[in-house]
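Accompanying notes for the structure given below.
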Amino acid sequence: MSRVLIIVQNLSVPFDRRVWLECQALTSAGHQVAVVCPKDNGEPAYQVLDGVELYKYRGYAPGGGKLSYIAEYAYSLAATAWLTLKARRHTGRFDVLQACNPPDIFWPIALVLRAIDRTRFVFDHHDLCPELFKSRFPEGPRLPYRALLAMERRTHQTADQVIATNDSYREIAITRGGKSPADVTVVRTGPDPERLKRGPASPELRRGRRFLAAYIGVMGPQDGVDIVVRAADIVINKLGRDDIAFTVMGSGDCMEELMALRDELGLQDHVEFTGRVPDDFVTRVLSTADVGLSPDPKNPLNDLSTMNKSMEYMAFEMPVIAFDLRETRVSCGDAGVYVTPNDTYQYAQAIVALVDDEPKRAELGKLGRERVEQELAWSHQERAYLGVYERLLGGAARVLVRARS
């Protein structure tokens, strides 16, 4: 039986859906899995959930400035290294370390474990950190960007195998990271169609209005949630549509600013910010909503990244309204309505046009659900993911993978 340690810094687990699906895939295949990650308020420092050991440190988010990221990452590296040693003392050596970014700072831990335990290293590439910096600080200095490029390349070079979330990331791993194509596997963050599926609507969630537009996800500067608020202002105050409610689920660095913007525009009765909410509430909202909002603006990061929320909307048979981004088109295909990048007025017009066209909504929703079931679902991605471990661990993992066929 192989032991796997997964490191995550960006989100708590199991809130990080991708990582939790990976954990479940590994445990179902017979591996022992431990996770080191930050904890949300109220979570225990250690627990065992569905057979997965979770070691959690108190999160630290000093702010959104460039220097604050250095402090945050230094703290995260130190806390992660400490809990990695604690997990190793508790249950023994690890056969594989899987590090998920951002940030690209965990390769020194991989080198130490490789030296003392011959641990193999898998890099699960979730975000392009250099592009993330350029998107957040477009006029920022070149030195941090070059440092991020160097850390990304060092992570790729240290990894035995790289998991890319889409073909754009795979291309970067090969060209910028210098990896052999044979060592880079695309594993998309496909939703679970058995868990994520449309149920009965809850009309009260429309808050007295005829239609509901929903957003779920992170609220950082690069995520475009301000576009949702400004588009709602256009829909309600310029296009005169008082029959559309907006529900925004999730949290992030910009949440307080976004709520202040909503209040400044007088949209308290139309735009609801829920914060992080339980899965059953998410299911109720997405089963009631008429359109799913993916407002990610075009920037160096978003154009090459896969937006998980878009695929979740599709799983709930909702059409997706998005800006015309390269990887968003790959994910959504014909289930999306694509708007000229970063044009907020056009985005608002697309919301109104789609809620008024019920046959088109039904058609796009059906296409999206079929795409999830036939191509994007985690069941299609899981085999590629477990195949990475088969290549790393050899015969023992091969038997486990075949047993799941």
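For the reader, a short list of remarks on this structure follows.
- Test: Gly217 is buried (at least 22 other Cβ atoms within 10 Å of the Cβ), assigned by TED's automatic domain parsing to the domain that holds Thr288, at positive phi and small (Gly, Ala, Ser): yes
- Every listed requirement among (1) among the aromatic types (Phe, Trp, Tyr); (2) part of a helix (DSSP H, G or I); (3) at pLDDT 95 or above is met by Tyr57 save one, (2).
- Residues being closer than 13 Å to Tyr347 by Cβ, out of contact with any Gly (no Cβ under 9 Å at 6 or more places or on another chain) and in a helix (DSSP H, G or I) - total across region 229-266: 7
- Some residue of region 345-365 being crowded, with 16+ Cβ neighbours inside 10 Å and under 21 Å from the mean Cα position of the chain (by Cα): no
- In region 1-20, the residues that are touching a Phe, Trp or Tyr at 6+ places or on another chain (Cβ under 7 Å) and either modelled with pLDDT of 95 or more or crowded, with 21+ Cβ neighbours inside 10 Å (or both): Arg3, Val4, Leu5, Ile7, Val13
- Phe123 satisfies every condition listed in (1) without any contact (Cβ under 8 Å) to a residue 60 or more places away in the chain; (2) out of contact with any His (no Cβ under 8 Å at 6 or more places or on another chain) except (2).
- Pairs with Cβ under 7 Å, 6+ apart, first in region 266-288 and under 27 Å from Glu194 (Cα atoms), second outside any strand (DSSP E or B) and basic (Lys, Arg): Ser287/Arg198; Thr288/Arg206
- Residue count for region 27-52, restricted to those that are more than 16 Å from Asp192 (Cα to Cα) and either assigned to a helix (DSSP H, G or I) or of a type outside the set (A, V, I, L, M) (or both): 16
- Looking only at region 141-151, and only at residues there that are under 25 Å from the mean Cα position of the chain (by Cα) and not charged (D, E, K, R), the one that is farthest from Tyr169 (Cα to Cα): Pro144
- Only one of the numbered conditions (1) crowded, with 16+ Cβ neighbours inside 10 Å; (2) at positive phi; (3) of a type in the set (Gly, Ala, Ser) is violated by Gly178, and that is (1).
- Being under 22 Å from Asp280 (Cβ atoms) and either out of contact with any Ser or Thr (no Cβ under 9 Å at 6 or more places or on another chain) or touching a residue at least 24 places away in the same chain (Cβ under 8 Å) (or both) holds for only one residue in Tyr215, Tyr169, and it is Tyr215.
- Test: residue in region 195-203 that is over 19 Å from the mean Cα position of the chain (by Cα) and outside any loop (DSSP other than H, G, I, E, B): yes
- Counting only strands (runs of 3 or more DSSP E) that sit completely within region 284-376, those holding 3 or more residues that are within 20 Å of Thr189 (Cα to Cα) correspond to 291-294, 320-323.
- Some residue of region 389-396 being assigned to a helix (DSSP H, G or I), exposed (fewer than 14 other Cβ atoms within 10 Å of the Cβ), within 20 Å of the chain's Cα centre (by Cα) and at pLDDT below 95: no
- Each residue in region 1-16 was checked for being out of contact with any helix residue (DSSP H, G or I) (no Cβ under 7 Å at 6 or more places or on another chain) and either without any contact (Cβ under 8 Å) to a residue 24 or more places away in the chain or closer than 23 Å to Pro191 by Cβ (or both), and 5 pass.
- Sole exception among (1) touching a strand residue (DSSP E or B) at 6+ places or on another chain (Cβ under 7 Å); (2) surrounded by fewer than 22 Cβ atoms within 10 Å (Cβ to Cβ); (3) in a helix (DSSP H, G or I) for Ala173, by number: (2)
- Number of the condition not met by Met314 [criteria: (1) in contact (Cβ under 8 Å) with a residue 60 or more places away in the chain; (2) over 16 Å from the mean Cα position of the chain (by Cα)]: (2)
- Region 244-298 - residue that is on the phi > 0 side of the Ramachandran plot and at pLDDT below 95 and, of those, surrounded by the most Cβ atoms within 10 Å (Cβ to Cβ): Gly250
The values are calculated or read from the model by the stated rules, or taken from the named source; none is laboratory data. The structure displayed is predicted, hence computed values, not measured ones. Cβ: placed from backbone, ideal geometry, glycine included. Neighbour counts: every protein chain shown.
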